[in-house]
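Remarks on the structure that follows.
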Amino acid sequence: MKTKLYLSILATLMPLFLLSQNITQVIRGTVVDKESKFPLIGVNVVVDLPPEAAKTTNITGTVTDENGQYRLEGVPLGRQTIRFSYLGYEDLTLSNIVLTSGKEVILNVEMEESAVSLTEVEVVARQSGEARNEMSTVSARQFSVEETERYAGSRGDPGRMASNFAGVQGSDDSRNDIIIRGNTPQGVLWRLEGVNIPNPNHFAVPGTGGGPVTILNNKYLANSDFFTGAFPAEYANGIAGVFDLRMRNGNNEKYEFSGQLGFLGTELMAEGPISKEKHSSFLLSYRYSTLQLFGFLGINVGTDAIPQYQDAAFRISFPTAKGGNIALWGIGGNSSINIVKSDLEAPEEGTDLYAENQVDQYFWSRMGVTGLTWTQPLNENTFSKLTLSAAHQGVGAHHKYIFRHVEDGKFVYDSIPPVLDYTFATNTFSANFLVNHKINSKASLKAGLQTDYFAFNFIDSVRAVHQLPDQSFQLEPWRKRWDTRSNTLKLQPFIQFKYKAGARWTLTGGITSLYFNLNKNSFSPIEPRFGLSYKLSKNQKLNFGYGLHSQTMPYYLYYYGYETINGDPQEHNTQVGLLKSNHFVLGYDWYPAPKVRVKVETYYQSLFNIPVENKPSSFSIVNSGSGFFRLFPDTLVNEGTGRNYGLELTLERFFSGGYYFLLTGSFFDSKYRGSDGVLRNTTFNTRFATNLLASKEFTFKGGSALNIGGKVTYAGGRWYGPVDEEASAFEQEVVYIDETVNTLQFRPYFRLDAKISFRWNRPKVSHEFSIDMVNLTNHKNILTLTYVPDHPSGNPIQEEYQLGFLPIFYYKIDF
């Protein structure tokens, strides 16, 4: 019934496209050299119109002026292709540029100088999907804002979008954790405007890489890069992958506004010129949660509690001489949720995805980062970039344990004492400086320094609840686990180069170093990175990449007090060093047709110096980083190992002719050794993951379009082990038998998503209505096991299921 209601709304709105008129739009921007960021004068810019549109449109093309700027007016609405060509440079083609009546399109592009003269070889256009970072040769992909909106089930979230790529898993409906090639989600490095940033998600628990809702908004992001291994030397403190994000500038000629209403939030955005003469601009964005709508419609989102969150972003841009720019920017968000189980009248059959059934939980989190970025071309061959930033991440919780019993099928509450209070806060002050120099058309050099200064404040007290043999409960005294105020410094210098040996060979190499001054073991003096690319033909390429990577533990773990003496936690992990990995990747790219790509990659990753417990156990840091729980390990040492290897396949047809499809498959094995010396499956060793996405767009008069798409995901289940029932009853939570951890596997994960959107244009205003139907078949996927002491079945060990059918709609207006 609910699905029919949403489709009826869409059917009602569709006839509005008949009111569309013959409206056009403006495309403009700046073209610069990719290596030096120096403006290029005289670049040819052409709209590649379909034959039928070319007959009725006078626009042909233009060239860039002395500032590298261009302007195309009268461009028809809908999807367009823009071509850039310049003597001595590789042609650049940008496809699927969506023009609506509500917003101008600003395309700032970078062109790469050809390594050979035109008499030696034909210069061909850069292929779709290639990363922006010129030092990457393997396991890298550029993604656009349009992709985050196009993929069914992505919800406009970069993390959920990335889970569609080969080698990436995201089979947890309640969170957007990114699991790359079997690695922990902690291994993903987040960067914004060149500096490392905290986990950019609402309700983010310390030591995790994701969360239920992203703080990021795709509407203010520019095209960005995503790496899944053997990444260039400028990236450090990550062993799995990198999200390198950029913000776009606001419109510097025209005031524009956007509004969006949907189940996940109400959004407002404004942008426009500060000074039209000086080409300065601003961009502001704000979102507030509206998840109450799910409750009104009786839709289960994994909990009966109503999450509250809000986030905002801004960017103020001031162009300087010779193509330079100074930008002040920031993003941030607050979130909170009160999950109260003490108001239940009777035992429930279900479980809560985000909480324990016998505990009242009050949780909050916040994250913010603001920075100043100055980019300045020094001459036609050199540019520098400096970013200064300050970031804050805080999280806290207050728990009360519910002592109750059942009489006549109803709960009788005995007491609800507090059992947990914690507040973790990290302030980070960062500086990133780099210089990029183009030696000639074949060679370039980049060097820089990333500096992070941390101020930690970790406070935590707990008292355990134990069930005794006579079935009574014992409330233990309060114990401090964290009481830390500490400052540390992290430094990462790097140097890297690129050399194009003719038309076929491209060589990249670099060295970075990671120094964390908490202890003498956290110094990795030399980390080599290497890449090689060989063009077999115009449409085929072989790639190879290698990298030695290192990473710190989640910072809170260094200060954990496993024991408390005289009321003071005894910090016993402050000497743990960096975890490391060697990553080898071999890839093959083939473009059998202009819009079709086949990509194959195989890899081997050796993990070493992995923190494991000093006493013999199955514990390893590689199994953490996902979920809503912190870690409480015994003394850790860098004696664990692991290895990941696999094969990844991608068949992709880029959006053209009104449709696209993406088929990805990952087949891999991920193992580790704890301090007990046993080789085990990692928790994330699902063995395989496959995705099929497709979409068809039907276009109408005036650039209106109906898009119907879908996605099917099928992946192996995560690993777990037999439960120690006696220990679980004593601790009142699931405790696994240590010797048999990760010897059992949950059944495979399956999910079918669908998305329908309709976009229509009116003079100076564009509208879009969309329905994203997640888990269309309401398939029950198992997430984990949970402990429910008063479950009606009498068995406290219960399977916890992921989200069922979840319809998400939004309406957007641009003007």
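The values are calculated or read from the model by the stated rules, or taken from the named source; none is laboratory data. All figures in this text were calculated on a predicted structure; none of them were measured in a lab. Positions of Cβ are backbone-derived with ideal geometry, glycine not excepted, and every protein chain shown enters the neighbour counts. These accessible areas exclude ligands, DNA and RNA; they are computed on the full protein's heavy atoms, side chains included. Shrake-Rupley method; radii C 1.70, N 1.55, O 1.52, S 1.80 Å.
Going by the conditions given, is SER389 surrounded by fewer than 18 Cβ atoms within 10 Å (Cβ to Cβ) and either free of Cβ contacts under 8 Å to residues at least 12 places away in the same chain or touching a strand residue (DSSP E or B) at 6+ places or on another chain (Cβ under 6 Å) (or both)? Considered against the rule, which asks whether it is surrounded by fewer than 18 Cβ atoms within 10 Å (Cβ to Cβ) and either free of Cβ contacts under 8 Å to residues at least 12 places away in the same chain or touching a strand residue (DSSP E or B) at 6+ places or on another chain (Cβ under 6 Å) (or both), SER389 comes out as no.
A quick yes/no check of all residues on (1) under 28 Å from SER335 (Cα atoms); (2) of a type outside the set (Ser, Thr, Tyr); (3) in contact (Cβ under 8 Å) with a residue 40 or more places away in the chain:
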{"site": "ASN381", "(1), (2), (3)": "no, yes, yes"}
{"site": "GLY394", "(1), (2), (3)": "yes, yes, no"}
{"site": "PRO417", "(1), (2), (3)": "yes, yes, yes"}
{"site": "PHE429", "(1), (2), (3)": "yes, yes, yes"}
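Would you say ASN108 is open to solvent by 10 Å² or more (accessible area, probe 1.4 Å) and in contact with a Lys or Arg (Cβ under 7 Å, 6 or more places away or on another chain)? Answer is no for this residue. Among the residues of the range 176-192, the one identified as within 11 Å of the chain's Cα centre (by Cα) and among the polar types (S, T, N, Q) is ASN176. ASN691 falls short of the stated requirement of being at pLDDT 95 or above, assigned to a loop (DSSP other than H, G, I, E, B) and surrounded by 19 or more Cβ atoms within 10 Å (Cβ to Cβ).
The set of residues in the range 598-607 being crowded, with 21+ Cβ neighbours inside 10 Å and not hydroxyl-bearing (Ser, Thr, Tyr) consists of LYS599, GLU601, GLN605, LEU607. Listed conditions (1) in a strand (DSSP E or B); (2) touching a residue at least 40 places away in the same chain (Cβ under 8 Å); (3) among the aromatic types (Phe, Trp, Tyr) are all met by PHE750, apart from (2). Of the residues making up the range 429-455, those that are out of contact with any Gly (no Cβ under 9 Å at 6 or more places or on another chain), open to solvent by less than 20 Å² (accessible area, probe 1.4 Å) and within 16 Å of LEU489 (Cα to Cα) are ASP452, PHE454. If you take the residues in the range 620-659 that are of a type in the set (D, E, K, R), open to solvent by 20 Å² or more (accessible area, probe 1.4 Å) and not in a loop (DSSP other than H, G, I, E, B), which one is modelled with the lowest pLDDT? So, considering only residues that are of a type in the set (D, E, K, R), open to solvent by 20 Å² or more (accessible area, probe 1.4 Å) and not in a loop (DSSP other than H, G, I, E, B), the one modelled with the lowest pLDDT is ARG653. Somewhere in the range 730-745, is a residue under 27 Å from GLY265 (Cβ atoms) and within 27 Å of the chain's Cα centre (by Cα)? No: zero hits.
Where strands (runs of 3 or more DSSP E) fall wholly inside the range 519-615, the ranges with 3 or more residues that are touching a His at 6+ places or on another chain (Cβ under 8 Å) and farther than 17 Å from GLY640 by Cα are 540-551, 561-565. Scanning the range 714-755 for residues that are polar (S, T, N, Q) and at pLDDT 95 or above yields THR740, ASN742, THR743, GLN745. The residues of the range 203-262 that are charged (D, E, K, R) and not in a loop (DSSP other than H, G, I, E, B), listed by number, are LYS219, ASP225, ASP244, GLU256.
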